[in-house]
Amino acid sequence: MKKENLILIFYILYFSWLFLITYLTSETRTLEYISIGIVLFYFTLLREKGDFFWFWLGVIISLVGTSFTLTNWKLEVDVQILTLIPIWLPLAWGITLVALRKLYIIVTR
């Protein structure tokens with residue numbers, strides 16, 4: 001299968017997943033399965049050099065951003081909130097960062 005077809009399939013899955021999490025369902029378990037499937041699909045078939053770095057950067061940014069709050073101009077850290085974050089949320093940030101990077105590379109080539 002051509003790489004362009006795999007990229008097209010990835011973006012169809014990605015935007016379907018994005019539509020699903022935005023409008024159609026709020027079931028955490030369904031979102032986790034779909035998110036894990038998209039991440040596995042991408043890293044199995046479309047991985048390029050540096051994608052793991054960008055994926056983990058997105059995951060870390062989402063976790064750090066969630067654990068910090070700014071109230072009354074005072075920065076507070078709440079590490080316990082990390083236990084309440086669903087698995088799909090950091091995966092979503094990580095794969096979104098990778099997908100945006102991939103789109104930028106495709107457009108600039």
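The values are calculated or read from the model by the stated rules, or taken from the named source; none is laboratory data. Quick caveat: nothing in here was measured; it's all calculated off a predicted structure. Quick reminder, even Gly has a Cβ in these numbers, built from the backbone with ideal geometry, and neighbours come from all protein chains shown. These accessible areas exclude ligands, DNA and RNA; they are computed on the full protein's heavy atoms, side chains included. Shrake-Rupley method; radii C 1.70, N 1.55, O 1.52, S 1.80 Å.
Any residue that is among the charged types (D, E, K, R), closer than 21 Å to V107 by Cα, more than 11 Å from the chain's Cα centre (by Cα) and assigned to a helix (DSSP H, G or I) - is there at least one of those in the range 40-55?
Residues of the range 40-55 among the charged types (D, E, K, R): 47-49, 51.
Adding the requirement that they be closer than 21 Å to V107 by Cα leaves 47-49, 51.
Those still in the list that are more than 11 Å from the chain's Cα centre (by Cα) too: 47-49, 51.
Remaining after also requiring assigned to a helix (DSSP H, G or I): 51.
There is at least one residue in the range 40-55 that is among the charged types (D, E, K, R), closer than 21 Å to V107 by Cα, more than 11 Å from the chain's Cα centre (by Cα) and assigned to a helix (DSSP H, G or I).
Of everything in the range 63-79, what is loosely packed, with under 13 Cβ neighbours inside 10 Å and assigned to a helix (DSSP H, G or I)? Give them in sequence order.
Selection gives V64, G65, V79.
Residues L18, L82: which one is surrounded by 15 or more Cβ atoms within 10 Å (Cβ to Cβ), aliphatic (A, V, I, L, M) and assigned to a helix (DSSP H, G or I)?
Working: L82 fails: surrounded by 15 or more Cβ atoms within 10 Å (Cβ to Cβ).
After applying the criteria, what remains is L18.
Consider only pairs whose beta carbons are under 6 Å apart and that are at least six residues apart or on different chains; among these, list those whose first residue lies in the range 83-109 and is touching a residue at least 12 places away in the same chain (Cβ under 8 Å) and whose second residue is open to solvent by 40 Å² or more (accessible area, probe 1.4 Å) and assigned to a helix (DSSP H, G or I).
I85/T66; P86/T28; P90/L63; L97/W54; V98/W54; R101/W54
From (1) part of a helix (DSSP H, G or I); (2) β-branched (V, I, T); (3) open to solvent by less than 80 Å² (accessible area, probe 1.4 Å), pick out the condition that doesn't hold for I60.
(3)
Which residues, counting only those in the range 51-86, are modelled with pLDDT of 90 or more and within 13 Å of S35 (Cβ to Cβ)?
F55, G58, V59, S62
Taking the range 85-100 on its own, how many of its residues are assigned to a helix (DSSP H, G or I) and surrounded by fewer than 17 Cβ atoms within 10 Å (Cβ to Cβ)? Quick ask: steps written out before the conclusion?
Quick first cut of the range 85-100, residues assigned to a helix (DSSP H, G or I) only: 88-100.
Within this subset, residues satisfying the condition of being surrounded by fewer than 17 Cβ atoms within 10 Å (Cβ to Cβ) are 96, 100.
Number satisfying all stated conditions: 2.
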